[in-house]
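J.: I'd like to ask some things about the structure below.
What follows draws every value from the coordinates through simple rules; no lab data is involved. Bear in mind the structure is a predicted one, so any value in this text is a computation, not a measurement. When we count neighbours, we look across all protein chains shown, and the Cβ atoms used for this are built from the backbone with ideal geometry, even at glycine.
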Amino acid sequence: MTPPFHADHVGSLLRPARLREAFRAQEGARTTHVEFGSVTDEAIRDVVALQESVGLQPITDGEFRRSSYWAHFVEAVDGLSTAPALFEFTDAEGERMAFHAPHIVGRLRRARPISAAEFTFLRKVTTRTPKVTMPAPSTMHFWRGPQAFEPDAYDTIGEFFADLGAVYRAEIAELAGLGATYLQLDEVALAMLCDADVRAAVTHRGEDPDVLVDRYVAAIRDAITGRPEGVTVSMHLCRGNYKGRWMAVGGYEPVAERVFGRAGVDALFLEYDSPRAGDFTPLRYVAADTAVVLGLVSSKDPKLESRDELLRRIEEATRYVPVERLGLSPQCGFASTVAGNPVTEDDEKRKLALVVDVAEEVWGR
């Protein structure tokens, strides 16, 4: 079995209470680095066992060493800091929440490995396929747009993305050298640029949404160019994920032809858990050599999905992509930050088990 898998998942998982407390203690200087590492290692062993117990082949460390899905990238790359984002999260009641995002303060340089230590430990504690997740290149630019750069950081945006691509290529090469075969880019900007309101906001701040789409697709291709043979790269398109909140709505049609057909990744993880995601018709643009993992199971809602409904929707998707190139997963991670989504660890386990059970029924494994 090689990735992507018919039963897969996006990556982040709920941090147990003891790990959340360890993060708080670390922030308050109430614990040592060694103590924090010990708690984290134990929690990762447990979450690996959980994934294996439900029958998953791809195994992540739950992103347990990170405070958010992109924080470790900023910490490892010179030239990056954080500042307030120009967007906000929204929940079903319309409540909004601000957040911080990457900010470019100087020339980018990969000061140290970004995910090597995460992968090395994960590989030691599972005999299945370790999966490494990484923020997509757009993460370092989109959230702050024209305000993303300090004045003396770069002369042109092209120079910035050239340096960023070099960071990714070096990281991917090192991970492959350590034995990694399954990588995932977590891409939010391209999914957000499907939303008419987001596109209007981007236009208002002086940028062309379609130029951004082309720029971010080119950045993805540049980041994974020359990846070693045997390394599968998937891309998850996400509309935002923080405590059950999101940032965008709308089907993939505005970006599908350029993203689904030209990004150059081996698999697409697509959110399809709610009407916010639109229908399956944009799948007609998926390249013939690209797999699609359908995110039909919500990581934001504790309600367990109907097995029959999942089977029906998989069948519907086969109108556009052959069943052998499809898979099933939750629509997003369960905890893109330490706080996690409004579900329990039992909810998480039941949903992951459902993914495996339905995949076995459809694909036989």
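J.: Label residue 117 and residue 81 with points 7 Å out from Cα along Cα→Cβ: what is the distance between them in nm?
T.: 2.3 nm
J.: Then there is this: Which of 141, 204 comes first, and how do the rest follow, when ranked by fewest Cβ neighbours within 10 Å?
T.: Values: 141 24, 204 8.
Ranked by crowding around the Cβ, least crowded first: 204, 141.
J.: Additional query: What's the magnitude of the charge dipole for region 168-295 around its Cα centre, counting Lys and Arg as +1 and Asp and Glu as -1 at the beta-carbon? Answer in Debye, nearest 20.
T.: For region 168-295, the charge dipole is close to 200 debye.
J.: Pick from 331, 26, 57 the residue whose mean-square fluctuation is largest in a GNM of the chain, springs joining Cα atoms under 10 Å.
T.: Of 331, 26, 57, the Gaussian network model singles out 26 as fluctuating most.
J.: On to the next question. Using square roots of five times the C-alpha gyration tensor eigenvalues, list the equivalent-ellipsoid semi-axes of region 224-305 in whole Å, biggest first.
T.: The three semi-axes for region 224-305 are 24, 15, 11 Å.
J.: Most exposed first by the Cβ proxy, i.e. fewest other Cβ within 10 Å, how do 1, 140, 192, 247 rank? Before the final figure, lay out the partial values.
T.: Working: 1 9, 140 26, 192 29, 247 23.
Final ranking by Cβ density, sparse to dense: 1, 247, 140, 192.
J.: Along the Cα→Cβ direction, 7 angstrom out, place labels at residue 361 and residue 287. What is the inter-label distance in nm?
T.: Rounded to a tenth, the inter-label distance reads 3.3 nm.
J.: Let me ask something else. How much net charge surrounds residue 161 when only other residues with a Cβ under 10 Å from its Cβ are counted (Lys, Arg +1; Asp, Glu -1)?
T.: Working: positive: 215; negative: 159, 163, 222.
Residues near residue 161 contribute -2 overall.
J.: Which links in 131/303; 124/300; 303/349; 300/349; 243/303 stretch past 24 Å when you go from one Cα to the other? The partial results should precede the final answer.
T.: Numbers: 131/303 27 Å; 124/300 30 Å; 303/349 12 Å; 300/349 14 Å; 243/303 15 Å.
Result: 131/303; 124/300 exceed 24 Å.
J.: While we're here: What FRET efficiency would be calculated for the residue pair residue 312, residue 257, taking the C-beta separation as r and a Förster radius of 35 Å, to the nearest 0.05? Write out the running numbers ahead of the final one.
T.: Numbers: r = 27 Å, r/R0 = 0.76.
E(calc), rounded to 0.05, equals 0.85.
J.: With 10 angstrom as the radius, rank 276, 144 by how many other C-beta atoms surround their C-beta, starting from the fewest. Don't jump to the answer; show the numbers that get you there.
T.: Working: 276 16, 144 21.
Least to most surrounded, the residues fall as 276, 144.
J.: Can you give me the span-like helices of the chain, meaning DSSP H runs with 20 Å or more of Cα extent along the axis and Kyte-Doolittle mean at or above 0.5?
T.: Working: long enough: 33-54 (32 Å, 0.20); 157-177 (30 Å, 0.69); 209-224 (23 Å, 0.53); 345-363 (27 Å, -0.51).
Counting only whole DSSP H runs, the qualifying helices are 157-177, 209-224.
J.: Ok, one more. What is the extension gain from residue 21 to residue 200, computed as 0.36 nm multiplied by their sequence separation minus the C-alpha to C-alpha distance, in nm to one decimal?
T.: Details: separation 179, 0.36 × 179 = 64.44 nm, distance 4.04 nm.
The residue 21-residue 200 span can extend by a further 60.4 nm.
J.: Rounded to whole Å and ordered largest first, report the semi-axes of the equivalent ellipsoid of the chain derived from its Cα gyration tensor (root of 5λ).
T.: Details: eigenvalues 152, 131, 86 Å².
Computed over the chain, the values are 28, 26, 21 Å.
J.: Please tell me the relative contact order of the chain in percent, rounded to the nearest whole number, where contacts are Cα pairs under 8 Å and at least six residues apart. Mind dumping the intermediate values first?
T.: Details: 708 pairs, mean separation 78.1, N = 365.
About 21 percent, as a whole number.
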